[in-house]
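K.L.:
Take a look at this one; I'll ask things after.
Nothing in this text is a laboratory measurement; each read-out follows from the coordinates by a stated rule. Worth saying up front: this structure is predicted, and the values here are computed from it rather than measured. Heads up, the Cβs are rebuilt from the backbone with ideal geometry, glycines too, and the neighbour counts pull from every protein chain shown.
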Amino acid sequence: MWRRSRLTISREASGFFLLVLFVFGLTRLGLFFDSNLLPAILSIAEARTNALAIQAVNKAVAEKFAGNILYEDVVILHKDQGGKIVMAQTNSREVNRLIAETTLQAQGALNALSGEELYIPLGMALSNYLLANLGPRVPVTIIPVGFVSTEITDTFEQAGINQVRHKIYLRIKAEVQVAIPLISTVTHVSTTVPIIDAIYPGAVPDTVINLKFPGGGSFPLRTE
């Protein structure tokens, strides 16, 4: 009669097999993290950093200029003897000062965020509401880079019968580096802050509608 032979595996072979399984599983986990979790975490980090930077810039600019800027400060109106507006031109000196001070305020607000850390739960990258607050927290470091720049923009819109509203804004742009373990990226921060809202009664001269504001200004952000 034939006897069944029992297959035996040595302890060394068993250990090697388990090691291969462990390395294979670890590799698969790393690939899943790189292709799925890492991009999701980076996207969330960019969104949070962008929101935080915009909030900081808006607050700094609002605190500096809230209620302190008049329409007559940036736009010089010329009227005829009957009080009708016949021409308008920008006050370049005042506009340039406003741009410079705004850029400095934004620069200071962003530099104050340098090195600040946010923490994102790893479960948030899984796009599952129930798991959003679970898992280890991934640190996100904010680093201002490049330049912060400011320019003035304006819009016209109807405000009623024979009335035109002229809105003037400060548009601020900057770049902020978002760093998480193993990877970093640069996100572009852009925000528009309204500073003046004026109403023109009656017809608006072409010189008002075609106002030309001076070019914007920029300052470097601290990178150390």
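K.L.:
What is the sum of charges, Lys and Arg at +1 and Asp and Glu at -1, for the other residues whose Cβ falls under 13 Å from the Cβ of Ala45?
P.N.:
-1
K.L.:
Which order do His166, His188 fall in if you start with the one that has the fewest other Cβ atoms within 10 Å? Can you show the working numbers first?
P.N.:
Numbers: His166 21, His188 11.
By the 10 Å Cβ count, ascending: His188, His166.
K.L.:
Among 85-97, 46-58, what's the highest-first ranking by average C-beta atoms within 10 angstrom per residue?
P.N.:
By packing density, highest mean first, the sequence is 46-58, 85-97.
K.L.:
Now for a separate question. Would you mind counting up the charge near Val61? Only other residues with Cβ under 12 Å from its Cβ, with Lys and Arg at +1 and Asp and Glu at -1.
P.N.:
Numbers: positive: Lys59, Lys64, Arg171; negative: Glu63, Glu101.
Cβ neighbours under 12 Å give a net charge of +1.
K.L.:
Let me ask something else. Summing Lys, Arg as +1 and Asp, Glu as -1, what charge do residues with Cβ under 13 Å from the Cβ of Glu157 carry, Glu157 excluded? Spell out each step's value before the answer.
P.N.:
Numbers: positive: Arg165, Lys167; negative: Asp154, Asp197.
Local net charge: 0.
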